[in-house]
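Written out below as structure tokens is the structure these notes cover.
The values are calculated or read from the model by the stated rules, or taken from the named source; none is laboratory data. Quick caveat: nothing in here was measured; it's all calculated off a predicted structure. Here the Cβ positions follow ideal geometry from the backbone for every residue, glycine too, while neighbour counts run over all protein chains shown.
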């Protein structure tokens, strides 16, 4: 059911994909990507909240909901969700990476640096963690940020890293 729904989604058949997802959520809760990718953040929050209701220890659902809150600039609740995710799974590198981004948005650059370092320490091949580490170091005028941009590129981050390397590291 979920695979069929994703196939409909990738062919832009959103209405039928939603119907399939609504049925599938009763069997296996949606990961909110369907709505998030369409920039329907409130719907993504609602689906993530359903997943949390079904399993309050689902640390990924808190991360997903936090991302949607971040997109609509509800920073306090986004941070609360990231913190809940990390309380459940203290070494969840993605939660550290996205909380680093949140801190950058809030101009809490030292906190962003610490979270980005932790994300990369937990998973040295986490491209987004390296991106956040590079950006935090750059804002704080710390040396070595180009090394982190290159690491982000090595581990698969795309165009944003290429632009930063071209602009700041050549």
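Consider residue 67 carefully, then state whether it is in contact with a helix residue (DSSP H, G or I) (Cβ under 9 Å, 6 or more places away or on another chain), modelled with pLDDT of 55 or more and loosely packed, with under 15 Cβ neighbours inside 10 Å. Even if it seems obvious, please write down each step before you answer.
On the way: in contact with a helix residue (DSSP H, G or I) (Cβ under 9 Å, 6 or more places away or on another chain): yes; modelled with pLDDT of 55 or more: yes; loosely packed, with under 15 Cβ neighbours inside 10 Å: no.
Spelling it out, it is not the case that residue 67 is in contact with a helix residue (DSSP H, G or I) (Cβ under 9 Å, 6 or more places away or on another chain), modelled with pLDDT of 55 or more and loosely packed, with under 15 Cβ neighbours inside 10 Å.
Has the stretch 141-150 got at least one residue that is assigned to a helix (DSSP H, G or I), without any contact (Cβ under 8 Å) to a residue 60 or more places away in the chain, in contact with a helix residue (DSSP H, G or I) (Cβ under 9 Å, 6 or more places away or on another chain) and within 26 Å of residue 59 (Cα to Cα)? Talk me through it step by step, then tell me what you get.
The initial filter retains those residues of the stretch 141-150 that are assigned to a helix (DSSP H, G or I), namely 145-150.
Pick out the ones that are also without any contact (Cβ under 8 Å) to a residue 60 or more places away in the chain and you get 145-150.
When the remaining residues are screened for being in contact with a helix residue (DSSP H, G or I) (Cβ under 9 Å, 6 or more places away or on another chain), the result is 145-150.
Keeping just the survivors that are within 26 Å of residue 59 (Cα to Cα) gives none.
Looking for residues that are assigned to a helix (DSSP H, G or I), without any contact (Cβ under 8 Å) to a residue 60 or more places away in the chain, in contact with a helix residue (DSSP H, G or I) (Cβ under 9 Å, 6 or more places away or on another chain) and within 26 Å of residue 59 (Cα to Cα), one finds none in the stretch 141-150, hence no.
Hey, any hits in the stretch 100-122 for a residue that's without any contact (Cβ under 8 Å) to a residue 60 or more places away in the chain, exposed (fewer than 13 other Cβ atoms within 10 Å of the Cβ) and farther than 25 Å from residue 40 by Cβ?
Looking through the stretch 100-122, at least one residue is without any contact (Cβ under 8 Å) to a residue 60 or more places away in the chain, exposed (fewer than 13 other Cβ atoms within 10 Å of the Cβ) and farther than 25 Å from residue 40 by Cβ.
Output the number of the condition that residue 72 fails; it satisfies all remaining conditions of (1) touching a helix residue (DSSP H, G or I) at 6+ places or on another chain (Cβ under 7 Å); (2) farther than 25 Å from residue 35 by Cα.
Evaluating residue 72 over (1) touching a helix residue (DSSP H, G or I) at 6+ places or on another chain (Cβ under 7 Å); (2) farther than 25 Å from residue 35 by Cα leaves (2) as the failure.
Among the residues of the stretch 130-139, are any assigned to a helix (DSSP H, G or I) and within 26 Å of residue 45 (Cα to Cα)?
Applying the first criterion (assigned to a helix (DSSP H, G or I)) to the stretch 130-139 yields 130-139.
Checking which are within 26 Å of residue 45 (Cα to Cα) leaves us with 131-132.
Yes, that holds for at least one residue.
Considering only residues that are surrounded by fewer than 24 Cβ atoms within 10 Å (Cβ to Cβ) and within 14 Å of the chain's Cα centre (by Cα), which ones fall in the stretch 81-97?
Selection gives 83, 86, 92, 93, 94.
With 34, 69 as the choices, which residue is farther than 25 Å from residue 103 by Cβ, out of contact with any strand residue (DSSP E or B) (no Cβ under 7 Å at 6 or more places or on another chain) and in contact (Cβ under 8 Å) with a residue 12 or more places away in the chain? Before you say what the answer is, go through the steps one by one.
On the way: 69 fails: farther than 25 Å from residue 103 by Cβ.
When all the criteria are applied, what remains is 34.
So is residue 54 surrounded by fewer than 20 Cβ atoms within 10 Å (Cβ to Cβ) and in contact (Cβ under 8 Å) with a residue 24 or more places away in the chain or not? Steps first, answer last, please.
Details: surrounded by fewer than 20 Cβ atoms within 10 Å (Cβ to Cβ): yes; in contact (Cβ under 8 Å) with a residue 24 or more places away in the chain: yes.
Considered against the rule, which asks whether it is surrounded by fewer than 20 Cβ atoms within 10 Å (Cβ to Cβ) and in contact (Cβ under 8 Å) with a residue 24 or more places away in the chain, residue 54 comes out as yes.
I'm trying to understand the selection: among the residues of the stretch 154-168, which are without any contact (Cβ under 8 Å) to a residue 24 or more places away in the chain and either within 17 Å of residue 99 (Cβ to Cβ) or surrounded by 15 or more Cβ atoms within 10 Å (Cβ to Cβ) (or both)?
165
Return the residues of the stretch 33-63 that are out of contact with any helix residue (DSSP H, G or I) (no Cβ under 6 Å at 6 or more places or on another chain) and not in a helix (DSSP H, G or I); say none if nothing qualifies.
Residues satisfying the conditions are 38, 39, 40, 55, 56.
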